[in-house]
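The values are calculated or read from the model by the stated rules, or taken from the named source; none is laboratory data. If you're wondering where the values come from, they're calculated on a predicted model, not measured in any experiment. Reconstructed Cβ throughout: ideal geometry from the backbone, glycine too, with neighbour counts over all protein chains shown. What goes into the accessible areas is simple: the full protein's heavy atoms, side chains included, and nothing from ligands, DNA or RNA. Shrake-Rupley method; radii C 1.70, N 1.55, O 1.52, S 1.80 Å.
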Amino acid sequence: MVARKPPKPSETIAAIATAPGRGGIGVVRVSGTDLADLAYRLTGIKPQPRHATLADFRDADRAAIDSGLVLFFPAPHSFTGEDVLELQGHGGPIVMQLLLARCGELGARLAEPGEFTRRAFENGKLDLAQAEAVADLIDAATASAARSAVRSLQGEFSREIHALVAELTELRALTEATLDFPDEEVDFLEAANAFGRLERLHARLSAIFDRAQQGRLLQSGLHVVLVGQPNVGKSSLLNQLAGDELAIVTPVAGTTRDALRGSIQIEGIPVHVIDTAGLRETNDEVERIGIERTWREIERADLVLLLTDAQHGIGHAEREILGRLPATIRRLTVFNKIDLAGQHPARSEDDDGVTIALSAKGGEGIDLLRTELLAIAGWHHADDVFIARERHLQALREAAIHLEAAQSVLPRLELFAEELRLAQQALGRITGEFSADDLLGEIFGRFCIGK
């Protein structure tokens, strides 16, 4: 990796690195220069590099604040590439705040969100995809997401991108050679099978995109909004999927007045299910506000799941709901209460899309719904996915567009060379080789303080 100059390398930063609240152990992390001196002023001990040293943490009057372990990692062999101190004390919030304040008295300022990881990126310890994987590992909602985030953190995703960039660079060099020596008898591109190389590059990029898309699902999951008339079983379905009594279920129509959320896992994919107020005309002010919130939830959904009573089927009210749904949002129709209609669980498909027949009360047909949710999400089981974000997918899509354009402009070499350059630049944004400061600020600003 190429080292990048930190914006303020002389500043020392500090933050509490453990979660808020009480715990057996709390950690204050410090990064900067000459931290062996800071450690000595704090503890009266000069810690050995990469050894745990027991010490008392003392205030300006040499009174003990706490006692614990000091870990010192001298630059450049540390997470940030700078000197790093980790002060492990007792995990009480007051003790941690006192220790952090003492570090401030010794010259450290409070770190900004994600500033430790940003310094690791700027000092070439991590590329941008790996840095994002740090936050993704912390935020992982499932075991599958955590394993995939570790793969990205260890550089698997980045290595795939770097391999693509290396092939593009070689192909660009051959193209430039042909442009620089147009009178040579040897056609470099033809001799190197440029078109064949480009096809292989495109196939490899497509495979990486598929793995990244699966990783994106593991990270963000699928947001499903349940809609329908009052008393069709939306709350019962939420409870059945969640395996818990999250929503109140009564025979009274309009029981649900606000959006209720439950999260489940289907083959490691987080599925966020939102139960909403029944959609109907009402004079009840509270219910009307709930219906307005339902439509706001629909606008943010990945999938709208329309419930209807299997005894009545799709009626005018359901068609009105379907007609108001945004055209870009995927939809699935569920016929509920098959136990009352004397029907069996089933999946069917027609011109209006896929329908699932089930019983939210008894659970019959729920497995059909889970399978369909995975299919709609585009999930297929794979063991080698890596966590990816929407910006990564967008960069891969852009690179694919430029590779396709490069194929279409051959043999116009100037245009061919430009499309290759643009494809390489798109890929470089994933690992941070081409990154604007405002993008970096947005990415690291979402990290927690202490990372």
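Hey, rough spin-label estimate for residue 179 and residue 112, points 7 angstrom out along Cα→Cβ, what's it come to in nanometres?
Placing both labels 7 Å along Cα→Cβ, they lie 3.7 nm apart.
Could you tell me the calculated FRET efficiency between residue 311 and residue 351, based on Cβ-Cβ distance and R0 = 25 angstrom, to the nearest 0.05?
Using R0 = 25 Å, I get an efficiency of 0.65.
Of 390, 115, which has the most accessible area and how do the rest follow, probe 1.4 Å?
390, 115
Answer with one residue from 363, 68, 209: the one whose Cα lies farthest towards the positive end of the charge dipole of the chain, charges on Cβ with Lys, Arg +1 and Asp, Glu -1.
Result: 68, furthest along the dipole toward the positive end.
Given axes a ≥ b ≥ c from the Cα gyration tensor, I'd like to know whether the chain is rounded (a/c under 1.5), prolate (a/b larger than b/c) or oblate.
Here the chain falls in the oblate category.
What dipole magnitude, in Debye to the nearest 20, does the chain give about its Cα centre under +1 on Lys/Arg Cβ and -1 on Asp/Glu Cβ?
1520 debye
In sequence order, what are the phi-derived ³J(HN,Hα) couplings for the range 45-51 according to the Karplus relation 6.51 cos²θ - 1.76 cosθ + 1.60 with θ = phi - 60°, rounded to whole Hz, with x for glycine and proline?
Running phi through 6.51 cos²θ - 1.76 cosθ + 1.60 with θ = phi - 60° gives 10, 9, x, 6, x, 6, 10 Hz.
Using the basic label-point model (7 angstrom from Cα toward the beta carbon), what is the residue 381 to residue 41 distance in nanometres?
Those two pseudo-labels are separated by 5.8 nm.
What is the extension gain from residue 163 to residue 206, computed as 0.36 nm multiplied by their sequence separation minus the C-alpha to C-alpha distance, in nm to one decimal?
Extending this stretch completely gives an extra 14.1 nm.
Quick one: which residues, 5+ away or cross-chain, put their amide H under 5 Å from the amide H of residue 449? H built at 1.01 Å from N.
114
Provide the net charge surrounding residue 332, with neighbours chosen by a C-beta distance below 14 Å and charges set as Lys +1, Arg +1, Asp -1, Glu -1.
Neighbour charge sum, excluding residue 332 itself: -1.
Which of the helices in the chain meet the span-like rule: DSSP H, Cα axial reach of 20 Å or more, Kyte-Doolittle mean at least 0.0?
156-180, 413-431
Give the calculated FRET efficiency between residue 394 and residue 368 to the nearest 0.05, with a Förster radius of 30 Å applied to their Cβ-Cβ distance.
After rounding to 0.05, the efficiency reads 0.35.
Using a basic spin-label model with each label point 7 Å from the Cα along Cα→Cβ, how many nm lie between residue 449 and residue 63?
Modelled inter-label distance: 2.4 nm.
Got a sec? Charge dipole of the range 293-424, +1 on Cβ for Lys and Arg, -1 for Asp and Glu; which of 328, 416, 406 is way out at the positive end?
In the range 293-424, that residue is 328.
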